[in-house]
Amino acid sequence: MEHPENNPEYAGLTVNSGVAPVSIINPYLKRGRFNRHRLTAADYVEGILKGNVTILGQAVTLVESTNPEHQQVAQEVIEKCLPHSGNSVRVGISGVPGAGKSTSIDEFGLHLLKKYGGKLAVLAIDPSSERTKGSILGDKTRMEKLAVHPDSFIRPSPSAGSLGGVARKTRETIILCEAAGFDKIFVETVGVGQSETACHSMVDFFLLIQLAGTGDELQGIKRGIMEMADGIIINKCDGNNVDKCHLAATQFRNALHLFPMPESGWQPKVLTYSGFYGYGIEEVWDMVYEYFDFVRQNGYFDHRRNEQAKYWMYESINEQLRNSFFQNPTIADMLAAEEKSVLEGQKTSFVAAKQLLDSYFALLR
């Protein structure tokens with residue numbers, strides 16, 4: 001509609017049409033720069049060998065992915081990094097929840113980096129919720145000093161309900177970290193269950209953190225994890241708890257004497273320390289490095305690494321067979337029917353399992 005002000009009788013007045021609204025999007029913005037460049041296997045390997053922790057973290061994520069495409073690239077990266085691995089000391093750290101594993105690792109790591117130099121990687125297996133399947137992955141918050149140290153790399157990983165699977169991926173992560181120049185590897189476990197066995201099968205020294213007042217020596221004998229430990233340390237030996245910790249140490253030493261001598265020939269030691277105050281940290285690591293000197297001299301160090309490599313070969317075979325079975329479309333269709341038969345009492349679990357396996361083997365012929 002024409003403005004009346006533009007009428008000839010108002011010749012001295014004009015009204016402009018106004019300014020067009022300006023777009024809220026920057027016209028100079030290059031959208032392509034926000035598209036993450038997809039790295040090739042060669043890019044990952046090059047970054048890892050240069051010690052780039054950003055690319056190392058991305059490679060670990062790739063290893064943990066269940067996407068078949070990611071797994072294919074991850075295996076290629078691991079294969080190329082393998083010749084550059086094996087040059088670190090691997091220490092597994094376990095203990096009951098609340099024993100102070102994360103706080104101790106913070107102190108242990110700072111002590112090692114200060115005394116021996118080098119680089120430290122901490123691989124923490126975090127428990128996943130059985131209900132929500134989620135994990136907090138908050139170990140970094142308890143490792144305040146290591147989290148900001150330039151020579152440390154902390155990587156929490158969810159257990160995702162599959163301790164064996166995460167353990168295998170943790171072992172592959174160790175290879176990547178060693179290729180990136182990390183000469184000290186800590187593997188922190190969930191704290192209870194099968195994870196201790198998996199952790200023991202990928203480290204050179206298994207350190208068990210205990211607390212005072214968890215039972216007498218008879219209780220210690222009943223714990224299978226005691227047989228795997230190369231060293232036992234009792235945390236929170238400070239304040240009014242010192243006498244209790246020394247008593248607990250004596251009881252654990254008595255329990256260890258009832259076990260047969262380990263294959264390594266090393267008699268596990270029991271020490272006390274305080275992770276919060278930093279007391280006794282040096283004695284703990286003198287014991288660990290004394291163990292390394294001992295097993296390198298008698299040849300057990302290399303023997304253990306060879307046995308672990310063989311163990312994980314068979315574990316990989318078992319996992320591949322399991323995945324092949326459950327991902328077979330014919331078997332997937334039969335599973336529901338066989339499950340229904342078992343629940344209705346028409347078949348026993350063993351008969352149903354045998355029929356499924358027979359059908360699977362028949363498909364392979």
Determine if the stretch 210-217 includes at least one residue that is closer than 16 Å to TYR273 by Cα and modelled with pLDDT under 80.
-> yes
Being modelled with pLDDT under 90 and within 24 Å of the chain's Cα centre (by Cα) is the filter here, so list the residues in the stretch 269-307 that pass it.
-> GLY275, PHE276
Is there any pair with a first residue in the stretch 72-88 that is modelled with pLDDT under 90 and a second that is surrounded by fewer than 16 Cβ atoms within 10 Å (Cβ to Cβ) whose Cβ atoms are under 9 Å apart and which are 6 or more apart or on different chains, and what are they?
-> GLY86/ARG305
Within the stretch 107-122, can you find the residues that are part of a loop (DSSP other than H, G, I, E, B) and either out of contact with any strand residue (DSSP E or B) (no Cβ under 8 Å at 6 or more places or on another chain) or not assigned by TED's automatic domain parsing to the domain that holds THR170 (or both)?
-> GLY117
Residues ARG296, ARG305: which one is surrounded by fewer than 15 Cβ atoms within 10 Å (Cβ to Cβ), free of Cβ contacts under 8 Å to residues at least 40 places away in the same chain and within 27 Å of ILE185 (Cα to Cα)?
-> ARG296
Is at least one residue of the stretch 324-342 surrounded by 10 or more Cβ atoms within 10 Å (Cβ to Cβ), within 29 Å of ILE174 (Cα to Cα) and touching a residue at least 24 places away in the same chain (Cβ under 8 Å)?
-> yes
Taking the stretch 69-92 and keeping residues of a type in the set (D, E, K, R) and assigned to a helix (DSSP H, G or I) leaves GLU69, GLU76, GLU79, LYS80
May I ask you to verify whether GLY280 is farther than 20 Å from PHE186 by Cα and free of Cβ contacts under 8 Å to residues at least 60 places away in the same chain?
-> no
Could you say whether any residue in the stretch 298-317 is farther than 22 Å from CYS199 by Cβ and out of contact with any strand residue (DSSP E or B) (no Cβ under 6 Å at 6 or more places or on another chain)?
-> yes
State whether one or more residues within the stretch 128-143 are in contact with a helix residue (DSSP H, G or I) (Cβ under 8 Å, 6 or more places away or on another chain) and at pLDDT 85 or above.
-> no
Please give the number of the condition SER316 fails out of (1) small (Gly, Ala, Ser); (2) in contact with a Phe, Trp or Tyr (Cβ under 8 Å, 6 or more places away or on another chain); (3) not assigned by TED's automatic domain parsing to the domain that holds GLY109.
-> (2)
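The values are calculated or read from the model by the stated rules, or taken from the named source; none is laboratory data. Just so we're clear, the structure is a prediction, and the values are computed from it rather than from any experiment. Here Cβ is always computed from backbone atoms with ideal geometry, including for glycine, and neighbour counts include all displayed protein chains.
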